[in-house]
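See below for the structure under consideration.
Bear in mind that the values in this text are calculations on the coordinates, not laboratory data. Just so it is clear, the model here is predicted, and its values are computed rather than measured. Don't worry about glycine lacking a Cβ; one is built from the backbone with ideal geometry, like all the others, and counts go over all protein chains shown.
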Amino acid sequence: MGRQLKLNLFIYPGGHHEAAWRHPKSHTDRLLDIRFYQELAQRAEAAKLDAVFYADGPALVSNVQFATRFRIEPFTWLSAIAVATERIGLIGTASTTYLEPYNAARLFASLDHFSNGRAGWNIVTTGAERAAQNFGLDEHPPYAERYDRADDFVRVVGNRRGCPGLRCVR
C-alpha cells in the first residue's frame, strides 16, 4: 500500500494568532467548555478526519498580555473527547524532557484503554526554556541532552521501534 495522507483537527484553545479571539465568529465564551471541543471532535469524526490533535506544553508562552494562553491538561481533555466519539484518533503532546517514562506510559495506556486503542503521542522535547522553572530546575537542558533523553524515553515507553499500540507523531 502506498503512502497515505492523514488529516487531523489541530486544537490549540487559545488560538494560533494572538488576535483570533477578536474575530466575530470566534467562540471565546466556550474556551473552557468541554462540550465545545466534544462537538468539534464529533464534526471532525463525521467528516472522516483521522484524529484530533491537542497541542500542549509545560510552560506558558510569554505573550499572555495579548491573548488567552491557558493550557488544559491534555489527558483529561482527550479522555473527555474519547467518551463523545467512537473512531477518531486522540493525539496528545507529552514532553520527554519534563515527564518521566513511567508516567507517560501510564497516561497513554489509560487513554488508549478508555478509547479502545485510539491514543496517539506527539513526542516533543520542549523548546521553552521557562518550563525548567515549573519543574524545579535552574536551567533548561541543552538541545543534544534533550534529544538523547527522548531517544531513551521512547524506547522505554514503547520498544526499540517505539510506540507499540500508540500512533506516534513526530
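Before moving on, here are some points about what is shown:
- Under the convention that each Lys and Arg Cβ holds +1 and each Asp and Glu Cβ holds -1, the size of the dipole of segment 8-169 around its Cα centre is about 500 debye.
- Under the Debye formula (equal points on every Cα, no solvent term), log10 I(q)/I(0) of segment 8-169 at q = 0.17 Å⁻¹: -1.08
- Each of 155, 146 was scored by other Cβ atoms within 10 Å of its Cβ. Listed from fewest to most, they are 155, 146.
- R0 of 45 Å, Cβ-Cβ distance residue 148-residue 25: FRET efficiency to nearest 0.05: 0.50
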